[in-house]
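To start, the structure itself, in structure tokens.
The values are calculated or read from the model by the stated rules, or taken from the named source; none is laboratory data. The model shown is predicted, which means the values in this text are computed figures rather than measured ones. Methodologically, a virtual Cβ is constructed for each residue, glycine included, from the backbone with ideal geometry; neighbour enumeration extends over all protein chains shown.
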Amino acid sequence: MSPTDRLNSWDARAKSASFFGFTDLPSIEARGTVVLTGGEGPYVIDTEGRRYLDANAGLWNMIAGFDHPALRQAAQDQYARFPGYHAFFGRMSDQTVMLSEKLAEVAPFDGAKVFYTNSGSEANDTMVKMLWFLAGSEGQPQRRKILTRGNAYHGVTAVSASMTAKPYNAVFGLPLPGFIHLTCPHYWREGRADETETQFTARLAAELEEVIAREGADTIAGFFAEPVQGAGGVIPPSAGYFDAILPILRRHGIPIIADEVITGFGRTGALWGCQTYDFVPDAVISSKALTAGYFPMGAVILGPDLADRLQRATNAIEEFPHGFTASGHPVGCAIALAAIDLVQTDLLDRVRTLTPSFQAGMARLAQHPHIGEARGVGLMGALEAVKDKATKTPWDGHLSVSERIANTCTDHGLICRPLGQAIVLCPAFTLTDDQMSEMFTKLEAALEEVFAGLT
Ligand SMILES: *Cc1c(COP(=O)(O)O)cnc(C)c1O
């Protein structure tokens, strides 16, 4: 490449005028950026014509792949009919009405009511504002604290970042006061040497009791949990976790909100993650797969109790003063209706069909001497790289092994994501058996290559 060509390259252009979030800058300095022009099934294609099997379905969301005809058609048809409107002042599009009916029908409880946002972060923020609004209007203005768990990911706005229990938020001076992070329910990492998984779960339940006693039950507005932690590194709860904590929350009158931004619409093998773990939350937060990633959209889906109380509180002051310009966007709603239809008629079955071979592939890689744990449920999984399997000792901090593995995968045409020292896999639900084999073959080769260079 000539110096002028280099300056005009997609890589240089991407770096000169775009500010990258959640990106390791030394890494893109050394390796360059990847600029994408399109996709085919679960593959994405870059400006150089290289194809990558995206084992992360974008960011968990592109569950139907990158060129699904029904989703494209739904978008195009709706753009032709009515390309945009809001949901303020008692007006909303017909598509918005229909999507709310659909979401109420498929929600994990009867009597749901839906409020729309443009993202998962905004949906969590909105839910917190709803709980704060309820507290104030029900004569309990002190009821403002929010409980989440270590390693949780609930988003990036100031409130949802305060719920996100990741050390990187310290650079923003977050969390805000009143956001309390409990122990992450990850037995492999957090369990003590002499503790069974059942005892570990019991310890977490006892911790919840203690925190409620210390803070005062009447100061706690809600408990938020991902049924399976996603961006925390794919962490299914320890055995019996939700069975242990639900009665405690109920006894103290603390609502539980399931952040189903990743687990909603089939990822765990049921429509909702809470169904996989057999509990009924008071509200559900949805985004990502809601539109199969074809439109930015999030939703707060309120259960009957919160819906009724919010309605009463709103009646008293005549309006709920909250909403986003593009809330309930008709194109997003039309796409979501098509996406939910796809999930119900096809994709959920595909998740169930693919899960055994996916989990078997994970289990096979777990045999590797430097894979400490393979964990997951449905079509989400993570492989935790360790230096010493018996002692669970991680590689030295400066050696970002997972990043090396992910980079090596990218060189071989496979996109997968490093999270801490883990590699995360969460492919599209439309994967064929051949594509599943390709994913594991490429990943295994990358693991061999990287570990061979380290030991
Ligand atoms: C991605 C994610 C969010 C945030 O969604 P955005 O659309 O990125 O704001 C919230 N909760 C969970 C569980 C997520 O995975």
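Any idea which of (1) part of a helix (DSSP H, G or I); (2) surrounded by 15 or more Cβ atoms within 10 Å (Cβ to Cβ) is the one residue 171 doesn't satisfy?
Evaluating residue 171 over (1) part of a helix (DSSP H, G or I); (2) surrounded by 15 or more Cβ atoms within 10 Å (Cβ to Cβ) leaves (2) as the failure.
Residue 160 passes all but one of (1) buried (at least 23 other Cβ atoms within 10 Å of the Cβ); (2) in a helix (DSSP H, G or I); (3) in contact (Cβ under 8 Å) with a residue 60 or more places away in the chain; which number fails?
Against the list (1) buried (at least 23 other Cβ atoms within 10 Å of the Cβ); (2) in a helix (DSSP H, G or I); (3) in contact (Cβ under 8 Å) with a residue 60 or more places away in the chain, residue 160 comes up short only on (3).
Return yes when residue 416 is surrounded by 22 or more Cβ atoms within 10 Å (Cβ to Cβ) and more than 15 Å from residue 362 (Cα to Cα) and no when it is not.
Spelling it out, it is not the case that residue 416 is surrounded by 22 or more Cβ atoms within 10 Å (Cβ to Cβ) and more than 15 Å from residue 362 (Cα to Cα).
Please enumerate the residues belonging to the stretch 253-286 that are assigned to a loop (DSSP other than H, G, I, E, B), over 18 Å from residue 341 (Cβ atoms) and within 15 Å of the ligand (Cβ to nearest atom).
Residues satisfying the conditions are 260, 261, 262, 263, 268, 277, 281.
Return the residues of the stretch 205-217 that are out of contact with any strand residue (DSSP E or B) (no Cβ under 7 Å at 6 or more places or on another chain) and either of a type in the set (A, V, I, L, M) or within 16 Å of residue 237 (Cα to Cα) (or both); say none if nothing qualifies.
Answer for the stretch 205-217, where residues must be out of contact with any strand residue (DSSP E or B) (no Cβ under 7 Å at 6 or more places or on another chain) and either of a type in the set (A, V, I, L, M) or within 16 Å of residue 237 (Cα to Cα) (or both): 205, 206, 213, 217.
Among the residues of the stretch 420-442, is any touching a His at 6+ places or on another chain (Cβ under 8 Å) and in a helix (DSSP H, G or I)?
Checked against the condition, which is being touching a His at 6+ places or on another chain (Cβ under 8 Å) and in a helix (DSSP H, G or I), the stretch 420-442 yields at least one hit.
Taking only the stretch 152-194 into account, find how many residues are closer than 16 Å to residue 230 by Cα and within 15 Å of the ligand (Cβ to nearest atom).
Going through the stretch 152-194 one residue at a time, the tally reaches 13.
Please go through the stretch 213-237 and pick out each residue that is among the acidic types (Asp, Glu) and more than 9 Å from the ligand (Cβ to nearest atom).
215, 218
Of all residues in the stretch 237-252, which are in a helix (DSSP H, G or I) and touching a residue at least 24 places away in the same chain (Cβ under 8 Å)?
241, 242, 243, 244, 245, 246, 248, 249 - these are the residues of the stretch 237-252 that are in a helix (DSSP H, G or I) and touching a residue at least 24 places away in the same chain (Cβ under 8 Å).
Could you check the stretch 14-44 and list, in sequence order, the residues that are over 27 Å from residue 400 (Cβ atoms) and surrounded by 14 or more Cβ atoms within 10 Å (Cβ to Cβ)?
Listed by number, the residues that qualify are 39, 41.
Among the residues that make up the stretch 309-319, is at least one of them within 12 Å of the ligand (Cβ to nearest atom) and either aromatic (Phe, Trp, Tyr) or in contact with a Ser or Thr (Cβ under 7 Å, 6 or more places away or on another chain) (or both)?
no
Looking at the stretch 361-368, can you tell me whether even one residue there is in contact (Cβ under 8 Å) with a residue 24 or more places away in the chain and not in a helix (DSSP H, G or I)?
Among the residues of the stretch 361-368, at least one is in contact (Cβ under 8 Å) with a residue 24 or more places away in the chain and not in a helix (DSSP H, G or I), which makes the answer yes.
Run down 106, 44, 97 and say which single residue is under 22 Å from residue 324 (Cα atoms) and of a type in the set (Val, Ile, Thr).
97
Can you tell me which condition residue 302 does not meet? The list is (1) more than 15 Å from the ligand (Cβ to nearest atom); (2) touching a Gly at 6+ places or on another chain (Cβ under 8 Å), and all the others hold.
Condition not satisfied by residue 302: (2).
Of all residues in the stretch 385-416 being in contact with a helix residue (DSSP H, G or I) (Cβ under 6 Å, 6 or more places away or on another chain) and of a type in the set (A, V, I, L, M, F, W, C), which is farthest from residue 190 (Cα to Cα)?
414
Pick from the stretch 82-125 the residues that are among the small types (Gly, Ala, Ser), in contact with a Pro (Cβ under 8 Å, 6 or more places away or on another chain) and away from the ligand (no atom under 16 Å from the Cβ): which of them is farthest from residue 311 (Cα to Cα)?
The residue in question is 84.
Within the stretch 110-129, track down each residue that is in contact with a helix residue (DSSP H, G or I) (Cβ under 6 Å, 6 or more places away or on another chain) and assigned to a helix (DSSP H, G or I).
Result: 121, 124, 125, 128.
Read through the list (1) β-branched (Val, Ile, Thr); (2) in a loop (DSSP other than H, G, I, E, B); (3) touching a Gly at 6+ places or on another chain (Cβ under 8 Å), then give the number of the only condition that residue 23 fails.
(3)
Please find, among 52, 79, the residue that is of a type in the set (Phe, Trp, Tyr) and surrounded by fewer than 17 Cβ atoms within 10 Å (Cβ to Cβ).
79
So which of 79, 52, 85 is in contact (Cβ under 8 Å) with a residue 60 or more places away in the chain and touching a strand residue (DSSP E or B) at 6+ places or on another chain (Cβ under 6 Å)?
Going through 79, 52, 85 in turn, the sole match is 52.
Residue check, residue 17 against (1) at pLDDT below 95; (2) in contact with a helix residue (DSSP H, G or I) (Cβ under 8 Å, 6 or more places away or on another chain), all met but one. Which one?
Unmet for residue 17, out of (1) at pLDDT below 95; (2) in contact with a helix residue (DSSP H, G or I) (Cβ under 8 Å, 6 or more places away or on another chain): (2).
All but one of (1) away from the ligand (no atom under 14 Å from the Cβ); (2) in a helix (DSSP H, G or I); (3) in contact with a helix residue (DSSP H, G or I) (Cβ under 6 Å, 6 or more places away or on another chain); (4) more than 30 Å from residue 198 (Cβ to Cβ) hold for residue 290, so report the exception by its number.
(1)
How many residues does the stretch 317-356 contain that are within 22 Å of residue 75 (Cβ to Cβ), of a type in the set (Ser, Thr, Tyr) and either assigned to a helix (DSSP H, G or I) or not assigned by TED's automatic domain parsing to the domain that holds residue 116 (or both)?
Count: 1.
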